[in-house]
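Only one structure is covered here, and it is reproduced in the block below.
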Amino acid sequence: MNVEDKKAFIAENYPDVLVADGFGDAILGIAERYGESGVVLYDKTKCIKILMKRDSMTEQEAYEFFNYNVIGAYVGEHTPCFAEIL
């Protein structure tokens, strides 16, 4: 499924979730827990690579920016989550 198809699926089936702007290529899907709403799940490594390429950051700069500005930007129960895929 391409990025636009993923975004359309999410918008149609999970209208309340929030997305992290600029990280569409890192979307893995929807994460759910019992009794909680679904949230968009992103691949953390892909997010870092996007920052490095798009914003010409070093790996360290990308991690620092990501941890402070992306993961650190909790805006409620529909805030996306980020997985480190092993």
Note the full-extension length gain between GLU4 and ALA73 as 0.36 nm times their separation in residues minus their Cα-Cα distance, in nm to one decimal.
22.4 nm
Tell me the angle of helix 44-54 to the major Cα principal axis of the chain, expressed in degrees between 0 and 90 and rounded to the nearest ten.
50
Principal axis lengths of the range 32-78 from Cα atoms, whole Å, largest first?
40, 17, 13
Mean projected area, convex hull of alpha-carbon positions in the chain, reported to one decimal in nm², is 6.0
Pairs of lysines 8 or more apart, or on different chains, with alpha carbons under 18 Å: count those in the chain, would you?
5
So the angle from the long Cα axis of helix 3-13 to the longest Cα principal axis of the chain, reported in degrees to the nearest 10, equals 30
For the range 40-81 the chymotrypsin sites (Phe, Trp or Tyr not before Pro) that pass both the DSSP coil test and the at-most-13 other-Cβ-within-10 Å test are TYR74
Run through the range 21-86 and list the trypsin sites (Lys or Arg not before Pro) located in a DSSP loop whose Cβ has at most 12 other Cβ atoms within 10 Å.
ARG33
Counting heavy atoms of the protein chains only and a 1.4 Å probe, report the per residue accessible area for the chain as a whole number of Å².
69
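The values are calculated or read from the model by the stated rules, or taken from the named source; none is laboratory data. None of these values were measured; they are calculated from a predicted model. A quick note on method: Cβ atoms are made from the backbone with ideal geometry, for glycine too, and the neighbour counts reach across all protein chains shown. Each accessible area value is taken on the protein alone, full model and side chains, heavy atoms only, with ligands, DNA and RNA left out. Shrake-Rupley method; radii C 1.70, N 1.55, O 1.52, S 1.80 Å.
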